[in-house]
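So the structure is just underneath, and the comments pick up after that.
Read-outs throughout are calculated quantities, based only on the coordinates presented, and are distinct from any laboratory measurement. Note that the coordinates shown come from a computational prediction; the quantities given were computed from them, not determined experimentally. When we count neighbours, we look across all protein chains shown, and the Cβ atoms used for this are built from the backbone with ideal geometry, even at glycine.
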Amino acid sequence: MSRHRAIKNLNIEEELDDGADEDFYDELNDMSEEDALRMHSGVQSIKAALGADCGISDEKIKETLWYYYFDESASIAWLKSKQSNANVTI
């Protein structure tokens, strides 16, 4: 019976949290000044390319830029494909 109580009291969100989001935001906070400038510039140009009403958050744009190591064209292509596939705000 004690196994049932252990499962019942299990916090699934805590078990599934791998800390990846925290690691990403730690990396963003530890960026060099040059990388911070590239990030800001990249966010602005991606927002201009996608349009102000694209529905994609700045955080998602930053994550994408970081993943593609500030490659704006690859980031735009990925964001457009995700947006057109989902037809929802990402």
The FRET efficiency for TRP78 and GLU13, from their Cβ-Cβ distance with R0 = 25 Å and rounded to 0.05, is 0.35
Per the rule of 0.36 nm per residue minus the C-alpha distance, extending MET31 to ALA48 adds in nm 3.8 nm
